[in-house]
Structures are given as structure tokens and as C-alpha cells.
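Colleague: Have a look at this one before I ask anything.
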Amino acid sequence: YVNSESTNKNMMAQSDLDLKEMALKEDLKFYFMNPCEKYRARRQIPWKLALQILKILMVTTQLVFFGLSNQLVVSFKEENTVAFKHLFLKGYSGTDEDDYSCSIYTQQDAYDSIFYVINQYRNLKNISLGTLGYEHEESGLKICKQQYKRGTMLPSNDTLNIDVSTETECILLKPKELTGKKAELKLNSSFFNLEFYRLIQVEISFKLKGIALQTIHARELPDCYAFQNTITFNNRAHSGKIKVYFDSDTDIQECKDWHIFNSVLQKNTQYILVFDGFVILSCLASLILCTRSIVLAWRLQKRFVNFFLEKHKRRVCYADRLEFLNGWYVLVIISDVMTIIGSILKMEIKAKNLTSYDVCSILLGTSTLFVWVGVIRYLGYFQTYNVLILTMQASLPKVLRFCCCAGMIYLGYTFCGWIVLGPYHEKFEDLNTVAECLFSLVNGDDMFATFAQIQEKSSLVWMFSRLYLYSFISLFIYMILSLFIALITDSYDTIKKYQQSGFPATDLHEFLKDHSNAGYRKDRTSFPLICCCRRSVGCF
């Protein structure tokens, strides 16, 4: 009787386990279906798919509107910078010399250039074509000169006596003062008696205000701008050449008091704000649906892990656990969060409550990038389009390891080229420029110019430059780049072979193999990161 009761309990337990297994297999089969298969299996409308298609259209339209608006801002900044250079730099040719705007070579040119800035600032309202004005009456033109404290220099006798400690002296010329006699006293003061042998630099800074009226033609409310301009006469080298730098830092500010007597602008702003609100709602719905899918997948994974441990007395491999983590959902969630934040900033910018154009453009641009990358997921349901995804996924670990090794050689060449060729070649003057130059050489860009621009002042350095450039180009183009391509080609060949003969079966695939898989796709679009995770291999 006891044996019969024990047998019945075992049969009931086995029956419960079988029922649990059947239910788990059904849920797993449904989870790994694509939206079309889910619709055919249970007539479940693919809301996420429809929402993603709608979101692509809305997010792209939103980005185009913001891009057109941002383009006006960028062009206004650039055109004002060019206008300032022509207004305040004496003898400016219209093109910058290398990394500085222009240069002067005589003492008289230095005095003329400094007083030219002062006179142009004084007569700004009479000569400027733009909508410019002074910041306020208490601000003005600030001129600072930095120089060594004291010293004497006799180059003919090779004599130098100088105190390298520096001192800075400044003077402020207010707009009101520039029109009176007080300005003449300041301009004729000893401050402007420059001792060039100990002069380090002269810096002139001033702030101007402006209003961008061109946005009105695009049916947008205008922005107010603050331009912090700095002109630097750099004499640090004491080489007989003073480099003149012009820097303009633009800050978009809220217009404190504005009245636009045209209802079209107001209505157009309201329509765009309503559209941005719909974008936020669609992204919020997408965020909720994708988060729900990830939570349900995590619960399904827990069920599968616990059942496998209960039935087979061992843990599921890490590769099988990753099958439940849908990276596309994670990408969509990140994109939705960035779009929501960017849309809120865009609405505030449109209403002229904020001016964070750069932050908003980064958020909206990156989110749109992720949205369009996510379209690859739906193309991956077709085997002919799925090769790119599988090849990238399979080759990524090998490519990263290969890049780490090649990066060490690349850094070595970067440091070597900077220290040896820097004094003789403009493309090797700093580390950032060297890295960009070498990357261009790897891609076959501007090779002859790099060879030709080496100065032949030192025969030893010239011979070293040839050895350096020939070895780098030969190593990276003919060997490292070829190996890099070979890694990807090898992964592509492996994927093509697997598509013909079948992918390596993991515990999850073996678990679903015997089940009636009318809706389950054998040619899985995911490629296990750990293909060797089989029953014979220890799992964790």
C-alpha cells in the first residue's frame, strides 16, 4: 500500500512537471516569435511594431523641424563672428592664417590695431549693419596688458637681464567715456606706452548684444544673443611676429520684453508645441511597452532557469540567459528616454524659456540615430537581411581584442611622430593632430602632401620621417587593416555556413526542439555569444 501511494505521488509529480514543461514551452515558443507570427498564432495585434513605425515618422519630422531652426542659429553665430573680424581687426583679409586670424610685424601696426579696435567700438552703432548694441552702460571695452616685471635686453652683446615674474595691468573704457574728453586722457596715458621686449600679450575684451530677426521669416520667435568677444595680441614668442587671435563666445539668452504683432508666429509655435507633446506621448507609450516586455522576459527566464534546475539538476548556461535579454528593447528604451528629455527641452526652447540648443540637439540627434538603427531589427526577420546583424554580433569580440592590440602600436607611432616630426611638420605639432593625421594615412588620404611637407632643415630628421611614414603605412594598410577585414570576413563565412547547416544548439534550443514548433523559427536570428555552451560543458 505504501509503495502504491508513493508511486501515485511520483506519477502526480511527474504529471505536474510535464504540464509545467508544456506550459513553459508554449510561452517560450510564443516569446521567440516575430510580430507577424504572434499575430497568426493568437491574433495579437503588434502594438509595439505599429508604435515604432509611427514613432520613426514623428521623431524624424521633429528632428527636421528642429534642425531647420538650429541651422538658423548656427548661421547667425558664424556670420556675426565673420562680421566682428571685419569690424574690429585692422587689415583682416577674410581668411584666417593657420589657427590665428591675422598677424602684425611692426610696432606702429600694433598701436594702429589696438586703437582701431577702440575706434570701431566707439562708432559701432554708426558703422555696423547688424542689430548690435552695448551690453549696458557700466560695461565697456576692457584692455589688459601682460608683461614681464622688468628687464633689459641687448641682443647685439648677447646680454639679457630680465625678471620672469609677470604683471597684468588693465583699463576699462565705457561707452559714455569714449565720446568725451575723459577718453582722450585715458588713450594718451602711459598705459599705452608698450615696451615690446617685455610685452607678453595684450587682450581686449568686450560684450555686445544682438537680436536674430531672420527667424521671423521662418515663422519663429526671435532669439536674443550676447557676444563675448576677445581679441588677443600674442607676443609670447618675441619672434618679431605678433599673432592676433579673435574669439567670440556666443550665448543665447531669453528676450526680457518682446511683443510680436503677428498672430501667425504665435499659432505656428502652438502647433509645433502640440506636435512635440504627441511625440512625448508616443515615446512614453513605447517606453512602457518595451519595459513591460523586458520585465516579462526576465520572469520567463527565471521560470526556465528554475525548471531546468529542477528537472536536470544543473544551471542554464549564460548564453541561454542572454537569449532573453532583447538588446533592441534596451536600445528603444534609451532612445525613448532621450527623445522625451530632448522634446521637453525643445518645447522650452520654442517657448523661449530655455536656450540649451546644444544639449537638445545632442539628445534628439542621438535618439533619432537609435530609432533608425532599431529598424534593422525588423529587417532581421528576413534571412537575406539578417547577415549584417549576425556578422557584427559574431565578429565584435574578436574585433575589439584586435583593436586593443593595434591601438598599442598606433599610440607608439603617435608619440614618436609628435616628438620627432613636430618641429618640422604642421601635422605633427600636437598629439591630437598627429592622431588625426595617422588615421587619415590609414585610410589613404593626403599621403603625398604628408610626405612633401616635411621640412628638409635636418637631413637626419628627413631620413627618419621617410622610414617612419613608410613603415607606418606598410604596417597598418597592408597588414593590420587586412587582418581587420579578415576577421570580419571569417565571421561572415561562419554565419553563412551556420545558415546552411544550422546554428550550434544550446540548452534552450534543445529544450524547444521536441516541442511542436509550428510558430517557432528554427533559423533563429540571434547568435549565441558562447556557442560552446553545450550540455557537456560546465555552466554557471
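Colleague: May I ask you to list the residues in region 125-147 that are in a loop (DSSP other than H, G, I, E, B) and among the hydrophobic types (A, V, I, L, M, F, W, C)?
Modeller: Initial filter on region 125-147 (in a loop (DSSP other than H, G, I, E, B)): 128-131, 135-140.
Matches in region 125-147: L129 only.
Colleague: Going by what's in this entry, would T494 be described as touching a residue at least 60 places away in the same chain (Cβ under 8 Å) and surrounded by 11 or more Cβ atoms within 10 Å (Cβ to Cβ)? Talk me through it step by step, then tell me what you get.
Modeller: Values: touching a residue at least 60 places away in the same chain (Cβ under 8 Å): yes; surrounded by 11 or more Cβ atoms within 10 Å (Cβ to Cβ): yes.
Yes: the conditions hold for T494.
Colleague: Would you mind telling me which numbered condition in (1) open to solvent by 40 Å² or more (accessible area, probe 1.4 Å); (2) touching a residue at least 12 places away in the same chain (Cβ under 8 Å); (3) under 30 Å from F66 (Cα atoms) R321 fails?
Modeller: So the condition that R321 fails would be (3).
Colleague: Could you please let me know if D276 is among the charged types (D, E, K, R), in a helix (DSSP H, G or I) and in contact with a Lys or Arg (Cβ under 7 Å, 6 or more places away or on another chain)? Let's see the steps before the verdict.
Modeller: Working: among the charged types (D, E, K, R): yes; in a helix (DSSP H, G or I): yes; in contact with a Lys or Arg (Cβ under 7 Å, 6 or more places away or on another chain): yes.
Yes; evaluated as a whole, the condition is true for this residue.
Colleague: Separate question: Please pick out the residue among Q44, Q107, Q62 that is polar (S, T, N, Q), open to solvent by 40 Å² or more (accessible area, probe 1.4 Å) and at pLDDT 85 or above.
Modeller: Details: Q44 fails: at pLDDT 85 or above; Q62 fails: open to solvent by 40 Å² or more (accessible area, probe 1.4 Å).
After ruling out the rest, the residue left standing is Q107.
Colleague: Considering only residues that are open to solvent by 20 Å² or more (accessible area, probe 1.4 Å) and touching a residue at least 60 places away in the same chain (Cβ under 8 Å), look in region 81-96 and name the one that is farthest from G210 (Cα to Cα). Steps first, answer last, please.
Modeller: The initial filter retains those residues of region 81-96 that are open to solvent by 20 Å² or more (accessible area, probe 1.4 Å), namely 81-83, 85-87, 90-96.
Of the ones still in play, those that are also touching a residue at least 60 places away in the same chain (Cβ under 8 Å) are 81, 85.
Details: T81: 12, K85: 16 Å.
Of everything passing the filter in region 81-96, K85 is farthest from G210 (Cα to Cα).
Colleague: So, one more: May I ask you to verify whether L438 is open to solvent by less than 80 Å² (accessible area, probe 1.4 Å), among the hydrophobic types (A, V, I, L, M, F, W, C), closer than 25 Å to L481 by Cα and more than 28 Å from the chain's Cα centre (by Cα)? Working first, answer last.
Modeller: Values: open to solvent by less than 80 Å² (accessible area, probe 1.4 Å): yes; among the hydrophobic types (A, V, I, L, M, F, W, C): yes; closer than 25 Å to L481 by Cα: yes; more than 28 Å from the chain's Cα centre (by Cα): no.
So L438 does not fit the description; no.
Colleague: Which numbered condition trips up T215, out of (1) surrounded by 15 or more Cβ atoms within 10 Å (Cβ to Cβ); (2) at pLDDT 80 or above; (3) not hydrophobic (A, V, I, L, M, F, W, C)?
Modeller: Failing condition for T215: (2).
Colleague: Just one of the numbered conditions (1) surrounded by 14 or more Cβ atoms within 10 Å (Cβ to Cβ); (2) closer than 30 Å to K77 by Cβ; (3) among the polar types (S, T, N, Q); (4) modelled with pLDDT under 80 is not true of N386; which one?
Modeller: (2) is the only condition that N386 fails.
Colleague: Quick check, is L173 modelled with pLDDT of 75 or more and farther than 20 Å from R236 by Cα? Steps first, please.
Modeller: Numbers: modelled with pLDDT of 75 or more: yes; farther than 20 Å from R236 by Cα: yes.
For L173, the condition - modelled with pLDDT of 75 or more and farther than 20 Å from R236 by Cα - is met.
Colleague: Also: From the list G342, G380, G327, pick out the single residue that is buried (at least 16 other Cβ atoms within 10 Å of the Cβ) and modelled with pLDDT of 75 or more.
Modeller: Values: G380 fails: modelled with pLDDT of 75 or more; G327 fails: buried (at least 16 other Cβ atoms within 10 Å of the Cβ).
Answer to the selection: G342.
The values are calculated or read from the model by the stated rules, or taken from the named source; none is laboratory data. Remember, predicted model here, so these are calculated numbers, not experimental data. Glycine gets a Cβ as well: all are built from the backbone with ideal geometry, and neighbour counts include every protein chain shown. For accessibility, only protein heavy atoms count, side chains too; no ligands or nucleic acids. Shrake-Rupley method; radii C 1.70, N 1.55, O 1.52, S 1.80 Å.
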